[in-house]
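Written out below as structure tokens is the structure these notes cover.
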């Protein structure tokens, strides 16, 4: 495990209380790596410098397909993408956002059991939220001046909804906790 991976793991451990929440974040942010190697993470770090579309734009685009319950930039099988996860009428979707236009490029239903469990967990956190994920990201930006937002994940912390907002500055990842109530 590289120092960068250790730093991310330490930040997640400090930022999230409870084994269940930690497991949810670790599973969700594991996709920052492509096929469990450092190349995907390094590619994400390099490509983010040239990305014009923001996570907030992606969350806004995702609203067309339902309530955004999570979002992230990722490298998946060598392809850079912006994914927004949504909930609507008890169903969950992954919305892929076009990185040039900021508009919805593709919508895929979430059907795999492990992905559904994660989506249900995020949806439960958002059910008691009074602000959107976009508002949470906007509120957290002041705590990481000059950094790019690469992901936002809601969880319940001591029964209260909290968003973990992940920033990238240079090649360093930082997580900021933002209340959703």
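Data table
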quantity	calculated
With 10 Å bins from 0: P(r) over the range 49-114, alpha-carbon pairs, percent	23, 56, 19, 2
Label point 7 Å beyond Cα of residue 46 along Cβ direction - residues of the range 77-99 with amide nitrogen under 16 Å	77-81
Computed over the range 78-174, Kirkwood Rh from alpha-carbon pairs, angstrom	14.7 Å
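Every read-out reported here was derived from the displayed coordinates using simple, explicitly stated rules and does not represent laboratory data. Fair warning: this is a prediction, and the values are worked out from it, not measured in the lab. Here the Cβ is made from the backbone with ideal geometry for all residues, glycine too, and neighbour counts use every protein chain on show.
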